[in-house]
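Novice: Before I ask anything, let me first share the structure, which is written out below as structure tokens.
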Amino acid sequence: MFEKLGLKSSIEQMVDRMQDSTSILMITEISYNSTGDALRELQLFRIAQEAVGNAVKYSEAIAIRVGLYIDKQNTILEIRDNGKGFDVQSKLEEGKAFGLQSIYQRAESLGGTVQIKSSATGTQLLVTVPTLAPEKK
């Protein structure tokens with residue numbers, strides 16, 4: 001199904017489904033055109049799925065925003081919530097944060113980086129991966 005829909009529509013549908021099953025307001029801000037690399041895009045989708053799922057389960061947020069953008073060199077995925085936040089370093093050091101670890105591993109496999117800023121007013125997860133030029137036909 002992902003291959004038919006693509007990254008943009010898959011994220012929008014995932015967010016819509018999650019919003020329907022929670023009381024959390026969820027919005028997407030997506031300015032993205034496919035690069036034609038379905039495997040890279042699937043990894044980005046899995047990162048978004050994990051991050052949004054974590055925010056829904058643990059943040060106690062009333063709003064979550066999912067952004068996806070391309071600049072000249074990178075694809076940027078941002079998930080932001082207004083929840084209670086958490087201590088990122090201690091969660092990673094506990095060794096039990098498998099979802100967070102998978103986000104880092106997936107981003108790394110794409111040559112990208114993950115930044116997580118979290119406080120008592122919310123969490124921002126920013127994944128930046130190099131953008132591949134679309135294939136010319």
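Novice: Output wanted: per-residue J couplings in Hz (rounded whole) for region 29-36, from phi through Karplus 6.51 cos²θ - 1.76 cosθ + 1.60, θ = phi - 60°, x for Gly and Pro.
Specialist: Ordered by residue, 3J(HN,Hα) equals 10, 10, 10, 8, 10, 4, 8, x Hz.
Novice: Okay, moving on. Round to a whole angstrom and tell me the spacing of the C-alpha centers of region 1-51 and region 78-137.
Specialist: 15
Novice: Moving on. State the antiparallel share, in %, of DSSP beta bridges confined to the chain, rounding to the nearest 5.
Specialist: Antiparallel bridges: around 75 percent, rounded to the nearest 5.
Novice: Can you work out D for the chain in µm² s⁻¹ from Stokes-Einstein, where Rh is the Kirkwood radius over C-alpha pairs, the temperature is 25 °C and the viscosity is 0.890 mPa s?
Specialist: This corresponds to a translational diffusion coefficient of 162 µm²/s.
Novice: Give me, ordered by chain and number, the residues 5 or more places off I64 or on other chains with an amide H under 5 Å from its own placed amide H.
Specialist: L25, M26, I27
Novice: What does a probe at L126 reach in region 70-87, counting residues whose amide N is under 16 Å from the point 7 Å along Cα→Cβ?
Specialist: Inside the label zone: 70-81.
Novice: What dipole magnitude, in Debye to the nearest 20, does region 1-105 give about its Cα centre under +1 on Lys/Arg Cβ and -1 on Asp/Glu Cβ?
Specialist: Dipole size: approximately 60 debye.
Novice: A further question follows. What part of the accessible area of the chain, given as a whole %, is carbon or sulfur when the probe is 1.4 angstrom?
Specialist: C and S atoms contribute 50 percent here.
Novice: Of the lysine pairs in the chain, how many meet both conditions: Cα atoms under 21 Å apart, and a spacing of 8 or more in sequence or different chains?
Specialist: 14
The values are calculated or read from the model by the stated rules, or taken from the named source; none is laboratory data. Everything quoted here is computed from the prediction, not taken from an experiment. Here Cβ is always computed from backbone atoms with ideal geometry, including for glycine, and neighbour counts include all displayed protein chains. Only protein heavy atoms, including side chains, enter the accessible area calculation; ligands, DNA and RNA are left aside. Shrake-Rupley method; radii C 1.70, N 1.55, O 1.52, S 1.80 Å.
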